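Here is the structure we will look at, set down as structure tokens.
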Amino acid sequence: MIELIWNALSWTLLLTGGFCLLVGGIGLLRLPDFFTRVHAAGVTDTMGAGAILVGLMLQAGLTQASIKLVLIILFMLFTSPTASHALAQAALHGGLKPRLGEQREDSRSNT
Amino acid sequence: MFIAAAAAILVAMALAMIRVLLGPTVYDRILAVNVLGTKTVLIISVFGFLTERPDFLDIALVYALINFIGTIAILKFFEYGEAGFSNPEVTRDEERP
Amino acid sequence: MTHALSLGFVLFALWCVLSGYLRPMLLGLGLLSCAFVVFIALRMDLVDREWRPIHLLFGRVLGYWPWLMLQIVWSNVDVVRRILDPRLPISPTLIWVKASQHTDIGRVTYANSITITPGTLAMKLQGDQILVHALTREGAEALAGGEMDRRVTLLEKHS
């Protein structure tokens, strides 16, 4: 019984992670400019990767594999904001300007 | 269930690859490649569980390290024009309008 | 010196966890490589400077992380909903927020916390101000409310 609940939880996490990865990919294609796309990448890096790795951790149980997965998660949580920040700063430094304001009117006038 | 997760990761990788090919600016491409690297780490881990060989996690760990360092190195190259020992403070202080 | 020793100890623990083999020859090789890394770190003068955050790490951070995780999940749900909405209801906003932390490590913690939450992105640090790009106006306003800033400052005070 407890095994079943454990497995169901792990599968839910794996599916949630996969869903977030897909949404991140869609956002990467759909959002209008570079700075908004960074937010879509953020969804992939935090929720997608985190949920999938935690789901795998539940499958592995208390083994060496779990410790390695914890290390991967910690490393990703520390490096992904650093990489995003470096990217945004480099883009700003390179003269890229963020598009501001309400996007809603734009898309409405287009359709 | 691992197969479903692996399929989702592969589709998401394909989407990121489209952004790499489309990307109007070089920063879009670097961002997409960074995301692609994250997904590679994930698919290596999931593949390790799929084939029941947890040794793959070591490769995933190393790939996560290389992915981060690679992104930073490419950015440094594009921001300052070289990856060497230039003094970053000099270029960073000049403000662009 | 204590810093170098603790660095060596942490490195050796990492070696043991990652390798999983406890044969004397492999442990000896591990000790040797850890000693080499500590030697390089000492030679590059990295040990005393970079090792300070450890007291911050084990202090109140354990109370801050669960709150941060909750924030991350919440903003993830919001961003996912907005990406999947056919009308794409986003309103990208630039905003300067004040970082009231006193130390560098506190400010870096704050900026990284902003960036790791999807929907907000720290673009530039200047003095005690951070330039933030937010996906929506509501997100920018929530950040300007200063809840996260207060929590990170609290984290710093305790250390």
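The values are calculated or read from the model by the stated rules, or taken from the named source; none is laboratory data. Note that the coordinates shown come from a computational prediction; the quantities given were computed from them, not determined experimentally. All Cβ positions, glycine included, derive from the backbone under ideal geometry; neighbour counts span all protein chains shown. All accessible areas refer to the heavy atoms of the entire protein, side chains included, with ligands and DNA or RNA removed. Shrake-Rupley method; radii C 1.70, N 1.55, O 1.52, S 1.80 Å.
If we scan the stretch A:91-108, do we find a residue that is among the aliphatic types (A, V, I, L, M), assigned to a helix (DSSP H, G or I), modelled with pLDDT under 90 and open to solvent by 20 Å² or more (accessible area, probe 1.4 Å)? Don't jump to the end; show me each part of the working.
Here is the first cut: in the stretch A:91-108, the residues among the aliphatic types (A, V, I, L, M) are A:91-92, A:96, A:100.
Then keep just the ones that are assigned to a helix (DSSP H, G or I); that gives A:91-92.
Of the ones still in play, those that are also modelled with pLDDT under 90 are A:91-92.
In the following step, the residues that additionally are open to solvent by 20 Å² or more (accessible area, probe 1.4 Å) were identified as A:92.
So far as the stretch A:91-108 goes, yes, one or more of its residues are among the aliphatic types (A, V, I, L, M), assigned to a helix (DSSP H, G or I), modelled with pLDDT under 90 and open to solvent by 20 Å² or more (accessible area, probe 1.4 Å).
Criterion first (over 15 Å from the mean Cα position of the chain (by Cα), within 8 Å of chain B (Cβ to nearest Cβ) and open to solvent by 50 Å² or more (accessible area, probe 1.4 Å)) does A:TRP6 satisfy it?
On the way: over 15 Å from the mean Cα position of the chain (by Cα): yes; within 8 Å of chain B (Cβ to nearest Cβ): no; open to solvent by 50 Å² or more (accessible area, probe 1.4 Å): yes.
No: the conditions fail for A:TRP6.
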Original post:
Which residues, taken from the stretch B:39-54, are open to solvent by 10 Å² or more (accessible area, probe 1.4 Å) and facing chain A (nearest Cβ under 9 Å)?
Top reply: B:PHE49, B:PRO54
Subject >> Options A:LEU22, A:LEU29, A:LEU14: the member that is of a type outside the set (S, T, N, Q) and either more than 8 Å from chain B (Cβ to nearest Cβ) or open to solvent by less than 10 Å² (accessible area, probe 1.4 Å) (or both) >> reply: A:LEU14
Original post:
What is the one condition in (1) farther than 27 Å from C:LEU62 by Cβ; (2) surrounded by 17 or more Cβ atoms within 10 Å (Cβ to Cβ) that C:THR117 does not satisfy?
Top reply: (1)
